[in-house]
1. Arrange the following residues from fewest to most other Cβ atoms within 10 Å of their Cβ: ARG63, ARG52.
2. Averaging the inverse of every distinct alpha carbon separation and then flipping it gives the Kirkwood radius. What is it for the range 1-70, in angstrom units?
3. Mind checking the full-extension length gain between LEU23 and ASN82? Use 0.36 nm per residue of separation minus the Cα-Cα distance, one decimal, nm.
4. Need the full-extension length gain, ARG52 to GLN3, defined as separation in residues times 0.36 nm minus the C-alpha distance. One decimal, nm.
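Read-outs throughout are calculated quantities, based only on the coordinates presented, and are distinct from any laboratory measurement. The structure presented is a predicted model; accordingly, all values stated were derived computationally and were not measured. Backbone-built Cβ (ideal geometry, glycine too); neighbour counts: all protein chains shown.
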Amino acid sequence: MFQVIFTPVSSAEMSALPKTLQLEILSEFQALTPDFLKEHPDQFGEVRDGQRVLYRYRAKDYRIYFEKTGTGLNIQRVLHKNSLKDFLFRSKLPVSEDEELQGNPAFWALIDSSGKKSE
C-alpha cells in the first residue's frame, strides 16, 4: 500500500490553509505513485544532505518537501513558494534553488523541526 504521511508540522501547515486550497493541493498527490519519481524525475527537485534525500514537488503555489520511504512518502513541509523566493532573493546567490537549499544548514534545521526523520 502506498501511504502519504504528514509530520505534525506539515499537517499544521496544511490545516492553516483554506479548505478548498487544501483539497487542491491534496489532489496533486493522486499523481504520486511509488514509481512516479523514477518515471517523472523532471517534475521534482532533489536536495541532499549526506545520505538523506529530500524531494521538492510543486503543487499550485506551494512547495511540498518529502522523503520517500519503503511504503510511500513522508511529507516534511508544505511551504508557499514566496517564502523560498524571498529567501533566495535576499541571498542573491547565483545557484539553483535546490543547490542553495542543499548547502544551507538553516533549511535542514527547518525540515528537521517538523519531527522525527523518516527511516
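1. Numbers: ARG63 20, ARG52 13.
The fewest-first ordering by Cβ neighbours comes to ARG52, ARG63.
2. 13.1 Å
3. Going from the current span to full extension adds 19.2 nm.
4. Values: separation 49, 0.36 × 49 = 17.64 nm, distance 1.94 nm.
That pair, ARG52 and GLN3, stretches by 15.7 nm at full extension.
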